[in-house]
Amino acid sequence: MAKVSVIGTGFVGASSAYAMALTGACSDLMLVDLNEERARAEAADISHGAAVSSGVRVHSGHYPDITGSAAVVIAAGVNQKPGESRLNLLSRNASIFQSVVPEVVKYAPDAVVIIATNPVDIMTEVTRILHPKPELVLGTGTVLDTARFRDLLGRESGVSPRYIHANVLGEHGDSSVLCWDHAQVAGMPIREFLASMDKQWTQELADLIESKVRGAAGTIIAGKQATYYGIGAAVAKIVEAVLKDSRAVMTVSGPSEYGVCLALPRVIGKSGIMHTLDPLLSDCERKGLEESAAVLLETQSPIIKDGKLLLN
């Protein structure tokens, strides 16, 4: 196994580190935060959990201490406020990345960089611009949205989400595209599978599931101010795929034919995104993906033009 560093030990960064420690996704974890006391406390707490599970060694430190990392998770940034769109976070978090990414490049130039800060698709693009090796950069994309989709389908069908094949593509946000036409269980289209289980499929049910997937973050934030366990588990899974070179297919964020970073099914291995797949989509889903890309293009236009950052 290998060393992984996490930049930013807020809810998402700490939860990502905790998930990696519990699952043994790596051998060593280094936590870095401007709030050094917070980083030390999180490292100690997570280390105690690792002592009764995986034995992962957890430490806190400064940027020079990330040297030798095979992967670096960037979770630095300001929190999403109740009712705030992920896209409204853009300018504030992009400014933070202008100081974070150069430090990561300086001390871990060959590490795969995994972005977990929202709005994640645009922050992935920002990082690719700032990084001299953009091919090493990927974002968590819609890995969490896909998990939410599969979870809801599993609840309706009575099947473990692990055995449901269904993806969410595009933006990690309101314009995401739920791919119904190729959602499957054991090779059967989800609609046919539900019918075989004497369960009724209706458009109302589909609309409800879409609403719950897209509204999940808002619902959670309204109740507990932030979402972190789900994304933490998603980050740990991505890191594991990188370190083990497992060639897992995950809907991470990366460059696309639409001129923006967005989520597509991609093969993940030791150098990050190994291959991007061209999924089978209905005309409606393809149109939805194009519209999602247009939303991202418009949103990032105040700070990104012709592949360059416009921030001061």
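The values are calculated or read from the model by the stated rules, or taken from the named source; none is laboratory data. These figures come from a predicted structure and were not determined experimentally. Note that each Cβ is placed from the backbone with ideal geometry, even for glycine, and that neighbours are counted across all protein chains shown.
Could you list, in sequence order, all residues of the range 44-58 that are among the hydrophobic types (A, V, I, L, M, F, W, C) and free of Cβ contacts under 8 Å to residues at least 24 places away in the same chain? Break it down into steps so the answer makes sense when it comes.
Within the range 44-58, the first condition is being among the hydrophobic types (A, V, I, L, M, F, W, C), and the residues that meet it are 44, 46, 50-52, 56, 58.
Those that are among the hydrophobic types (A, V, I, L, M, F, W, C) and free of Cβ contacts under 8 Å to residues at least 24 places away in the same chain: A44, A51, V52.
Being out of contact with any Ser or Thr (no Cβ under 7 Å at 6 or more places or on another chain) and closer than 23 Å to I74 by Cβ is the filter here; which residues of the range 141-172 pass it?
L144, A147, R148
Can we say E84 is at pLDDT 95 or above and more than 20 Å from E125 (Cα to Cα)?
So E84 fails the test.
Among the candidates V113, V100, V104, V73, single out the residue that is under 22 Å from G269 (Cα atoms), assigned to a helix (DSSP H, G or I) and in contact (Cβ under 8 Å) with a residue 40 or more places away in the chain. Reasoning before the result, please.
Working: V113 fails: assigned to a helix (DSSP H, G or I); V100 fails: under 22 Å from G269 (Cα atoms); V73 fails: assigned to a helix (DSSP H, G or I).
So the residue among V113, V100, V104, V73 that is under 22 Å from G269 (Cα atoms), assigned to a helix (DSSP H, G or I) and in contact (Cβ under 8 Å) with a residue 40 or more places away in the chain is V104.
Output the number of residues of the range 220-230 satisfying the condition of being assigned to a helix (DSSP H, G or I) and out of contact with any helix residue (DSSP H, G or I) (no Cβ under 8 Å at 6 or more places or on another chain).
Step one: list which residues in the range 220-230 are assigned to a helix (DSSP H, G or I), which gives 220-224, 229-230.
Add one more test, that the residue is out of contact with any helix residue (DSSP H, G or I) (no Cβ under 8 Å at 6 or more places or on another chain), and what stays is 220-224.
The number of residues fulfilling the criteria is 5.
Going through the range 190-213 one residue at a time, which ones are surrounded by 16 or more Cβ atoms within 10 Å (Cβ to Cβ) and in contact (Cβ under 8 Å) with a residue 60 or more places away in the chain?
Result: I209, V213.
Return the residue satisfying two criteria in turn: it lies in the range 50-61 and is assigned to a loop (DSSP other than H, G, I, E, B) and out of contact with any helix residue (DSSP H, G or I) (no Cβ under 8 Å at 6 or more places or on another chain), and of such residues it is modelled with the lowest pLDDT. Full working, then the answer.
Residues of the range 50-61 that are assigned to a loop (DSSP other than H, G, I, E, B), as a first pass: 52-56.
In the following step, the residues that additionally are out of contact with any helix residue (DSSP H, G or I) (no Cβ under 8 Å at 6 or more places or on another chain) were identified as 52, 55.
Numbers: V52: 94, G55: 91.
Of everything passing the filter in the range 50-61, G55 is modelled with the lowest pLDDT.
Looking at R128, R92, R57, can you tell me which residue is under 25 Å from V32 (Cα atoms), of a type in the set (K, R) and crowded, with 21+ Cβ neighbours inside 10 Å? Break it down stepwise before answering.
Details: R92 fails: crowded, with 21+ Cβ neighbours inside 10 Å; R57 fails: crowded, with 21+ Cβ neighbours inside 10 Å.
Sole residue among the options that is under 25 Å from V32 (Cα atoms), of a type in the set (K, R) and crowded, with 21+ Cβ neighbours inside 10 Å: R128.
Determine which member of the set A226, A248, A233 is in contact (Cβ under 8 Å) with a residue 60 or more places away in the chain, within 19 Å of H165 (Cα to Cα) and aliphatic (A, V, I, L, M). Steps first, answer last, please.
Details: A226 fails: within 19 Å of H165 (Cα to Cα); A248 fails: in contact (Cβ under 8 Å) with a residue 60 or more places away in the chain.
The match here is A233.
Of the residues that make up the range 257-266, is at least one in contact with a His (Cβ under 9 Å, 6 or more places away or on another chain), within 15 Å of T142 (Cα to Cα), crowded, with 16+ Cβ neighbours inside 10 Å and among the basic types (K, R)? Full working, then the answer.
The first filter runs over the range 257-266 and keeps only residues in contact with a His (Cβ under 9 Å, 6 or more places away or on another chain), leaving 262-263, 266.
Applying the additional criterion that residues be within 15 Å of T142 (Cα to Cα) yields 262-263, 266.
From what's left, crowded, with 16+ Cβ neighbours inside 10 Å: 262-263, 266.
Then keep just the ones that are among the basic types (K, R); that gives 266.
Scanning the range 257-266, I find at least one residue that is in contact with a His (Cβ under 9 Å, 6 or more places away or on another chain), within 15 Å of T142 (Cα to Cα), crowded, with 16+ Cβ neighbours inside 10 Å and among the basic types (K, R), so the answer is yes.
Could you run through the range 14-49 and say how many residues are part of a helix (DSSP H, G or I), among the hydrophobic types (A, V, I, L, M, F, W, C) and touching a strand residue (DSSP E or B) at 6+ places or on another chain (Cβ under 9 Å)? Quick ask: steps written out before the conclusion?
First, the residues of the range 14-49 that are part of a helix (DSSP H, G or I): 14-23, 36-49.
The next check asks that each one be among the hydrophobic types (A, V, I, L, M, F, W, C); those that pass are 14, 17, 19-22, 39, 41, 43-44, 46.
Now drop any that are not touching a strand residue (DSSP E or B) at 6+ places or on another chain (Cβ under 9 Å), which leaves 14, 17, 20-21, 39, 41, 43-44, 46.
Within the range 14-49, residues that are part of a helix (DSSP H, G or I), among the hydrophobic types (A, V, I, L, M, F, W, C) and touching a strand residue (DSSP E or B) at 6+ places or on another chain (Cβ under 9 Å) number 9.
Out of R162, R155, R150, which single residue is of a type in the set (K, R), surrounded by 19 or more Cβ atoms within 10 Å (Cβ to Cβ) and more than 12 Å from the chain's Cα centre (by Cα)?
Numbers: R162 fails: surrounded by 19 or more Cβ atoms within 10 Å (Cβ to Cβ); R155 fails: surrounded by 19 or more Cβ atoms within 10 Å (Cβ to Cβ).
Result: R150 is the single residue among R162, R155, R150 that is of a type in the set (K, R), surrounded by 19 or more Cβ atoms within 10 Å (Cβ to Cβ) and more than 12 Å from the chain's Cα centre (by Cα).
Condition check: among the hydrophobic types (A, V, I, L, M, F, W, C), modelled with pLDDT under 90 and part of a loop (DSSP other than H, G, I, E, B). Does W201 satisfy that?
yes
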